[in-house]
Each structure stands twice: as structure tokens, then as C-alpha cells.
Amino acid sequence: METFGYVIDITAMVLLYLGFFMPKWRARGRESLIAGTLMYVYLCGVIYFTLMPVFLSLPRVITGPRGTINMHPFRDLLMGYGDYWRQIALNILMTVPLGILYPISRGRMRFGTTVTLGFLFSLWVEFMQPMLHVHRCFDVTDIITNTLGTALGYAALLALKPVFALVFPENLGTKRGRN
């Protein structure tokens, strides 16, 4: 049954891309299509690893039991629970691409906007996890480390802007002299 849930979710993601996003980005040009597609694939990957299956889990949002909530920052680290360093590293790494891809896909280099989006996206994922799956929890540490990962991704984009500008000159403002 769970495999069926993944098939439904992935099919929905592909149809949404093909029917809505791809035509919109294609009409804006090659750079928008590539940047938008990369951002979409990244977001689908995060949803795959953190929330799926979604559609078959939706009835639990209303009637089902909830996962746990941890509002103590870095509790696992401080208490020595589990593989805390691995979890911290993975949560940071998971959102580094967001800090890179969001400014490229939007064609705007704004640190505050990018980090705020990283925070809100992480908050949404953390809120949805215990709603959709009993074995998942809301963890404030994940929000902190995901937001840090977004900021580090933005810093990497700044450091590697000349490299990214080879593929996305218009989106990064290097073709027409924008900043």
C-alpha cells in the first residue's frame, strides 16, 4: 500500500510539472526552464525524503494520531541521543541547494528573502511531518539547521557566482550588467 502512495505522489508531481510549470518556464526561455526545473526537482526530492507518501496520508491529518514535537534546540546533541552529528549535517546539507537554486530560479540575489524562504519551507516540512506520519516528529533543531543550510547555500552561490553565471547569465544579472 505504501508503494502505491509513492506512485500516486510521484505521478502527481510529474503531471504538475508537465502540465503547469514546464510550459510556463519554457515560455520564459531556456534559463528559466533549466533553473525552474532544477528547483522543482530539488523540492520534489525534499518532499520525497521528508513527507512521502502524502496523498494516502492526508486522511490522518484530520483523524489520525500525531507524531511528537521537540521544542528544545539541539536536545539530541546535548543529551547524546542517537546519531545527532549525522542528523545535523544532513539537515544542513539538505537545504544548501535551496540557498543556491532559489535566487537563480527567481533571478534575484537577496539574502534575507532566500533565508526567510528556507526558514518557512523548513517550518512547513517540520509541521507536516507529524501530521502525516506518526513515526516522524517536529524538531526545532531541524528548522535551525535547515535555515543555516540555506544561508550556507546562498554564501556558496556568492562565492561561485562566476561559475553559475556561465549557465545562468541572465538570472544572475551578469549578461546585462545587473547585480
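Laboratory data are not the source of any read-out in this text; all were calculated from the coordinates shown. Computed from a predicted model, the values in this text were never measured in an experiment. Using ideal geometry, Cβ is built from the backbone for each residue, glycine included, and neighbour counts are taken over all protein chains shown.
General remarks:
- Order of GLU2, GLU31 under a 10 Å beta carbon neighbour criterion, fewest first: GLU2, GLU31
- For the range 60-122, the Kirkwood radius over C-alpha pairs fed into Stokes-Einstein at 20 °C and 1.002 mPa s yields D = 149 µm² per second.
- Our note on the geometry: Cα centres of the range 100-147 and the range 63-84, 17 Å apart.
- Modelled this way, with points 7 Å down the Cα-to-C-beta line, the labels at HIS135 and ALA155 are 3.5 nm from one another.
- The range 2-167: radius of gyration and largest Cα-Cα distance (Dmax), Å: 17.2, 52
- Maximal additional length on extending the VAL41-THR68 stretch stands at 6.8 nm, based on 0.36 nm per residue less the C-alpha distance.
- Electrostatic tally near LEU33: other residues with Cβ closer than 15 Å to its Cβ, Lys and Arg +1, Asp and Glu -1, net +3.
- Neighbour-count ranking [beta-carbon atoms within 10 angstrom, fewest first] of LEU38, LEU15: LEU15, LEU38
- Length gained when the stretch VAL14-ALA165 is fully extended (0.36 nm per residue, less Cα-Cα span): 51.5 nm
- Zero-based 10 Å bins, Cα pair distances in the range 1-82, whole percents: 15, 30, 27, 21, 7, 0
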